[in-house]
Amino acid sequence: MSRWGVTIPLPGMPLALHRRIVEELPDLGYTDVWTSEKAGTDAFTPLVLASQWAEQLRLGTAVASVYTRGPALLAMNAATVAGLAPGRFVLGIGASSKVIVQEWNAAEFTTPLRRVRDTLLFLRSALGGEKVTETYETFSVTGFRLENPVDPVPPIALAALRPEMLRLAAKEADGAITNWLAPGDVRRIREEIGHGVELSARIFVCPTADRALARRLGRRLVASYLTVPAYAAFQDWLGRGEALRPMHDAWSRGDRREALELIPDEVVDDLVVHGAPEVCRDRIQSYVDNGLSTPIIALVPTGDDPAGHVRSLGPA
């Protein structure tokens, strides 16, 4: 099945006003809605609403952090959405970042690979209805069992950027989730996970023919994300390290304005889809042609109506 997803909530639109556009999504050709969480809505509440607004859509978190909720609470959140949308929910989990975990949520951000692995193992047991008493490498759980087991058990996907986490996703999970890559980079990811694993990616899309505006907005995104160590290392691995080095040097000096100016146009054009709607659709399709299973559009706000952009970007 060919999939086409979109991130909700849409930028600049209150969650309470999303019902109409979510109801339209299946007719527009969308198959999925996915959420993220940073400093806006949480990852689960929008999916609870969407589960009641459009029963055809698959729902996914991309992603819920394994640090900002305890293991049991994460299992309960997942079971709630899975119970509302049986067979239509994918639990995407990941490490998130040191800023979000440690500086905003007062949790220690250590050994992310092991913490993600241990949380995955716990969730497999807990969502399967087992009573869990287990000492994992990074935490322990004693006597936890979900009061309302879910059937079917939702698949679990891992947020993964580099080889170790990608290989963990391929071996232990039901899918991998990534972002900040160009269409050609999908092949590199596939070399690590193989071709039998669902690969989803959030793709930043700026639907405007104003190239200067798109690049200006894209630079802000690149600077805000790719200065995070995990994303910086990911771009190094993908081969953009040298192109981004001047940005990193200026950023480390505290010169944010110069950092933005030093991001090459080619990097922005590689990593942020922009142009007229038909140009954007073709570019998104090129990710699929290179091996992506599920593109997840993340709209870049341009000041225009975000629901209108979603309508224009639907494959139907």
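Of note:
- When +1 charges are put on Lys and Arg Cβ atoms and -1 charges on Asp and Glu Cβ atoms, the dipole computed for the chain relative to its Cα centre reaches about 260 debye.
- Residues Phe234, Phe109, sorted by accessible area with the largest first, give Phe109, Phe234 [1.4 Å probe; ligands and nucleic acids excluded].
- Residue (of Ala212, Thr294, Asn148) at the positive-pole extreme of the chain, dipole from beta-carbon charges: Asn148
- All Cα-Cα separations within the range 22-126 were binned at 10 Å from zero, giving a P(r) of 15, 45, 29, 11, 0, each value a whole percent of the pairs.
- Cα centroid separation, the range 17-36 to the range 174-240 (Å): 23
- Percent antiparallel among DSSP beta bridges (both partners in the range 38-178, rounded to 5): 25
- Accessible area (Å², per residue) of the chain, counting only protein heavy atoms and a probe of 1.4 Å: 44
- For the chain, the relative contact order is 20 percent, taking Cα pairs closer than 8 Å that sit 6 or more residues apart in sequence and dividing their mean separation by the residue count.
- Solvent-accessible area of the chain (1.4 angstrom probe, protein heavy atoms only): carbon and sulfur portion equals 48 percent.
- Lys, Arg +1 and Asp, Glu -1 on Cβ, resulting dipole of the range 1-73 about Cα centre, debye, nearest 20: 180
- Site pair Glu134 and Leu121 shows an inter-label distance of 0.7 nm when each label is modelled 7 Å from Cα along Cα→Cβ.
- Listed by chain and number, the lysines placed with their C-alpha closer than 20 angstrom to that of Lys98 are Lys38; residues fewer than eight positions away on the same chain are left out.
- Nearest-10 value in Å² for the accessible area of Thr7, using the 1.4 Å probe: 20
- Charged side chains reduced to their Cβ positions (Lys and Arg at +1, Asp and Glu at -1) give the range 1-148 a dipole of some 180 debye around its Cα centre.
- The convex hull drawn around the Cα atoms of the range 103-165, when projected onto a plane and averaged over every direction, covers 5.6 nm².
- Most fluctuating residue given options Ala39, Ala250, Ala78, as computed from a GNM of the chain linking Cα atoms under 10 Å: Ala39
- Averaging the sequence gap over all C-alpha pairs within less than 8 Å and six or more residues apart, then dividing by the number of residues, gives the range 177-316 a relative contact order of 41 percent.
- Comparing mean-square fluctuations of Leu59, Leu17, Leu161 from a GNM of the chain with C-alpha springs under 10 Å, the top value falls on Leu17.
The values are calculated or read from the model by the stated rules, or taken from the named source; none is laboratory data. Keep in mind the model is a prediction, meaning the values are calculated, not measured. Cβ atoms come from the backbone with ideal geometry, glycine included; neighbour counts cover every protein chain shown. The protein model used for the area step is the full one, side chains on, heavy atoms only, and it has no ligands, DNA or RNA in it. Shrake-Rupley method; radii C 1.70, N 1.55, O 1.52, S 1.80 Å.
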